[in-house]
1. Within segment 230-263, track down each residue that is part of a loop (DSSP other than H, G, I, E, B), farther than 17 Å from residue 143 by Cα and among the polar types (S, T, N, Q).
2. Would segment 265-278 turn up any residue that is polar (S, T, N, Q), in contact (Cβ under 8 Å) with a residue 60 or more places away in the chain, closer than 16 Å to residue 525 by Cβ and not in a loop (DSSP other than H, G, I, E, B)?
3. Among residues belonging to segment 25-41 that are at pLDDT 95 or above and of a type in the set (Val, Ile, Thr), point out the one that is nearest to the chain's Cα centre (by Cα).
4. Has segment 607-616 got any residue that is surrounded by 15 or more Cβ atoms within 10 Å (Cβ to Cβ) and modelled with pLDDT under 65?
5. I want to confirm something. Restricting to segment 543-563 and keeping residues that are at pLDDT 70 or above and in a strand (DSSP E or B), which single residue is farthest from residue 105 (Cα to Cα)?
6. Can you tell me how many residues in segment 201-238 are open to solvent by less than 20 Å² (accessible area, probe 1.4 Å) and on the phi > 0 side of the Ramachandran plot?
7. Which count do you get for residues in segment 380-398 that are under 16 Å from residue 365 (Cα atoms) and either of a type outside the set (Ser, Thr, Tyr) or assigned to a helix (DSSP H, G or I) (or both)?
8. What's the number of the only condition in (1) touching a residue at least 40 places away in the same chain (Cβ under 8 Å); (2) surrounded by fewer than 18 Cβ atoms within 10 Å (Cβ to Cβ) that residue 445 fails to meet?
Amino acid sequence: MGFSSDDTCLSKGGSFQFPPCHMVNICGFRILLDCPVDLSALTIFSPVPTCFDSPADKGTSDCPIYTSLDTEAVSQKREKIENPLDASNLIQAEPWFKTVKSLHLWDVSFIDIVLISSPMGMLGLPFLTKNKGFSAKIYVTEATAKIAQLMMEDLISMHMEYRQLYGNEESGYPQWMNWEELERLPSAIREIALGNDIEDLGCWMPLYSVDDVQSCLRKVQTLKYAEEACYNGILIIKAFSSGLEVGSCNWTINSPKRNITCISGSIFVSPHAMDFDFHALRGNDLILYSDFSPLYTSEDLECGSNCSIAITNNFSTLSGDNNWEELAASLLDQNESLEEMEKLAFICSCAIDSIKAGGSVLVTISRLGITLQLLEMMAVFLESSSLNVPIYVISSVAEELLAYANSIPEWLCKQRQEKLFSGEALFAHVELIRGKRVHLFPTIHSPTLLKNWQESCIIFSPHWSLRLGPSVHLLRHWCQDPRSLLVLENGVDASLALLPFKPMAMKVLQCSFLSGIRLQKVEPLLRLLQPKLVLFPDNFRQLISLSDLNSNSVSHYTENEMLRVPSFKDCSEVEIAIDLASEMRWKEIKKKSINATRLKGELLMHEGQCKLFSGLEPTKSRQLWPLVLWGSPNLERLQAVLLKMGISGTVEQVMGDDESKNSGIICVHSPNQALIEVQATSTLINAANENLASRIFEAISSILDGI
């Protein structure tokens with residue numbers, strides 16, 4: 001069996017909200033790893049105008065109108081691009097959504113499997129599944145599927161506000177995608193819309209519908225952690241916790257030729273989700289390392305941008321068994337968790353300062369785990385400061401999402417699970433809602449919210465792009481209030497995201513949270529996992545020194561370039577049924593110095609293993625199998641053997657080609673005429689006498705190996 005593998009990185013990702021995407025070919029099966037959407041690109045669109053708009057904010061009258069592409073117009077465009085951006089430069093239209101670059105160029109009917117690692121990695125999946133040619137098997141953990149479903153439904157709900165303003169979806173491409181319109185955009189916005197080489201334009205799609213989401217979910221097979229899924233009897237697929245978010249995972253793919261580990265964004269110790277299960281990833285042949293966090297953050301590079309972290313051991317010779325416990329302990333230290341808690345405490349302290357000053361706080365963080373922790377900590381800070389202000393959670397899926405988060409102990413860290421056994425709620429929001437300290441509302445226009453509205457207040461509400469949902473209305477309401485605070489997560493260009501709300505008097509706190517493995521922990525992790533080969537992003541060339549590694553241990557991939565992966569197994573193992581094995585009759589093959597036997601049965605692939613079973617043919621009939629020979633007989637030797645048997649003949653023709661020096665024709669004259677034609681791949685016997693043909697075959701068999 002010959003199986004080839006390759007990997008094509010479609011996107012290296014950019015943040016927690018936009019994870020990497022790969023297309024892997026293993027054993028002839030194409031596997032798509034994650035299908036995200038770049039929601040940060042929504043910032044090029046103008047948010048829906050509301051009653052809070054002022055004429056100065058709209059500013060469309062100052063925007064020059066270009067009616068031609070003559071020299072004067074081009075000069076005006078260049079002058080306009082050089083001017084500072086304002087809200088009038090944004091696209092005034094219903095937004096489309098930017099999918100993974102180049103994914104639309106692949107024929108979806110050729111995709112066999114889709115593996116989803118996190119809820120954010122599933123947001124683009126309905127774009128694929130609504131394609132009529134899509135028939136791939138989709139694997140995702142139960143928790144990820146549910147959280148992603150709620151996120152997609154919330155995205156659709158927020159998007160409906162645009163639909164109500166701009167009307168029904170246009171047929172074909174919208175007007176803003178016309179080349180003349182794109183040429184008028186400022187360079188910063190045009191670069192997001194088109195990419196560096198105009199290659200991103202085909203990535204834009206109109207948002208899917210609720211029916212599309214439901215159809216997508218019907219095609220999904222959900223798994224628990226460590227649960228086996230066997231695809232086509234060849235691939236064994238398992239998901240293991242990555243610690244990044246509730247339900248997020250890393251994948252292992254076991255095949256007859258190689259075992260692959262796919263590492264996405266991971267956190268070793270999580271305060272809410274199950275910890276990173278790196279123990280289950282040990283001993284696999286290949287690691288596809290697609291953790292995006294070191295590529296876009298500099299917090300690990302304490303010695304400056306030119307700093308690199310050295311890895312000085314060959315993976316194939318790492319001895320993790322001797323100091324395994326020590327290495328594991330170095331990965332599981334609590335410093336990272338303490339740093340994250342300090343960040344949350346700082347956010348809460350800034351929020352308290354704004355509340356004390358008479359302002360309000362808007363939190364637009366999209367990460368479920370961070371939001372749940374902030375709710376808990378914010379309530380504690382308010383109580384300790386003796387402040388009685390309401391906490392509002394405004395989202396169309398807030399009630400269902402928070403209820404679900406408190407019903408999935410098997411997906412949470414040990415500390416949260418212990419609360420279940422002690423009779424406590426898994427998260428504090430349950431008691432906070434019951435005590436009416438936290439209030440849930442589906443929309444900002446909910447009658448109950450309007451009736452009970454109170455300022456100062458703290459609001460948790462989507463969307464972090466500041467283009468969709470309640471956050472748009474709340475920002476327009478508070479952007480001129482210097483006492484209020486906006487908590488914004490990294491992953492979006494803040495200057496572009498805040499453009500429609502300028503001039504901003506409101507304070508802005510943009511936060512960065514741990515979203516993957518720190519650089520200094522890569523080396524001890526590889527010591528423990530002991531892979532034969534690691535595929536790193538090419539960005540790692542500058543971040544990690546790999547000069548002392550064997551060249552076969554590390555390969556680097558770049559976006560949209562296929563990287564071939566060598567096989568690690570020279571042969572495949574076959575499990576043979578006992579009754580079939582008992583009939584083996586071994587014969588030594590002298591030229592090859594091996595023993596061989598003939599078997600006839602039914603070959604099956606089951607759970608990645610080759611198995612040979614007895615067929616339906618009776619055992620007695622196997623004794624009548626014809627002898628199978630291989631190789632070409634030496635003409636002179638065959639002539640001598642025939643002569644000893646009383647059969648005389650002459651070599652009439654011998655080929656001059658070196659590769660066919662044993663090829664030729666022997667003409668038999670006695671006792672009867674016959675012709676023996678020896679070729680490179682076969683030997684043909686022509687004889688009028690059946691007895692003579694049998695004797696010639698016997699002579700050939702005596703000088704060739706066969707079974």
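The values are calculated or read from the model by the stated rules, or taken from the named source; none is laboratory data. For clarity, every value in this text was computed on a predicted model and none was experimentally measured. Here the Cβ is made from the backbone with ideal geometry for all residues, glycine too, and neighbour counts use every protein chain on show. Quick note on the areas: whole protein, heavy atoms, side chains included, nothing else; ligands and nucleic acids left out. Shrake-Rupley method; radii C 1.70, N 1.55, O 1.52, S 1.80 Å.
1. 232, 255
2. Among the residues of segment 265-278, not one is polar (S, T, N, Q), in contact (Cβ under 8 Å) with a residue 60 or more places away in the chain, closer than 16 Å to residue 525 by Cβ and not in a loop (DSSP other than H, G, I, E, B), which makes the answer no.
3. 31
4. Yes, some residue in segment 607-616 is surrounded by 15 or more Cβ atoms within 10 Å (Cβ to Cβ) and modelled with pLDDT under 65.
5. Going through the qualifying residues, I end up with 554.
6. Number satisfying all stated conditions: 1.
7. The number of residues fulfilling the criteria is 5.
8. (1)
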